[in-house]
Amino acid sequence: MYENILYPTDGSQESEAVLEHVRDLAETYDARIHILFVVDSKHGKSSMTLHRDEDGKWKTGMVSRATGENRGGMSKNEIDVLEVLQQEGDELTQQIAAELQKEGYKTATACKRGKPHQVINTYAETNDIDLIAMGTHGRSGVSRQLIGSVTEKVIRTTDTPVLTARLAK
């Protein structure tokens, strides 16, 4: 029934919530797990620095408009945020694939650029995906309407079945 399962991830806890379901389904059906990271194309070049703090979290600094000086972690150089995100996505998908392969799962990885829901749908269509498994933030009300949801957009626009899992609170 399921030969290819697509697991789009952004590295968040919400995307991790669905991974156990993906493992179970892949084991049951001897399916390949496709791990996909999408670099959202709305990001681009920016006059900022990007660096990780001691906890591994990304920190940014902006160029001073008044002086253009590099003070307090600021830089006059443009950073291609898409390149940084692409590298992060490649590393994340490879890390997840390595863990799954150690457990005996078949995997494929990809890191693509574009509008996330469109990239996910296109990947599903071109790779014969039988099921898309995605986490959800579980937002409601105004927050959900303002922020939107990649998972919701995928559900509304794909012909491929979608399994969703919400992070347990």
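The values are calculated or read from the model by the stated rules, or taken from the named source; none is laboratory data. A quick note: this is a predicted structure, and the numbers were derived from the prediction, not measured. Neighbour counts are summed over all protein chains in view; Cβ atoms, including those assigned to glycine, are modelled from backbone coordinates with ideal geometry.
Are any of the residues in segment 15-35 at pLDDT below 95, in a loop (DSSP other than H, G, I, E, B) and assigned by TED's automatic domain parsing to the domain that holds I120? Yes: one or more hits. In segment 67-88, the condition of being at pLDDT 85 or above and loosely packed, with under 15 Cβ neighbours inside 10 Å is met by at least one residue. Does segment 81-100 include one or more residues that are without any contact (Cβ under 8 Å) to a residue 60 or more places away in the chain, in contact with a strand residue (DSSP E or B) (Cβ under 7 Å, 6 or more places away or on another chain) and assigned to a strand (DSSP E or B)? There is no residue in segment 81-100 that is without any contact (Cβ under 8 Å) to a residue 60 or more places away in the chain, in contact with a strand residue (DSSP E or B) (Cβ under 7 Å, 6 or more places away or on another chain) and assigned to a strand (DSSP E or B).
Picking from residues in segment 1-44 that are in contact with a strand residue (DSSP E or B) (Cβ under 9 Å, 6 or more places away or on another chain) and among the polar types (S, T, N, Q), the one that is surrounded by the most Cβ atoms within 10 Å (Cβ to Cβ) is S15. Filtering L92, L131, L146, L100 for residues that are modelled with pLDDT under 90 and hydrophobic (A, V, I, L, M, F, W, C) leaves a single hit, L146.
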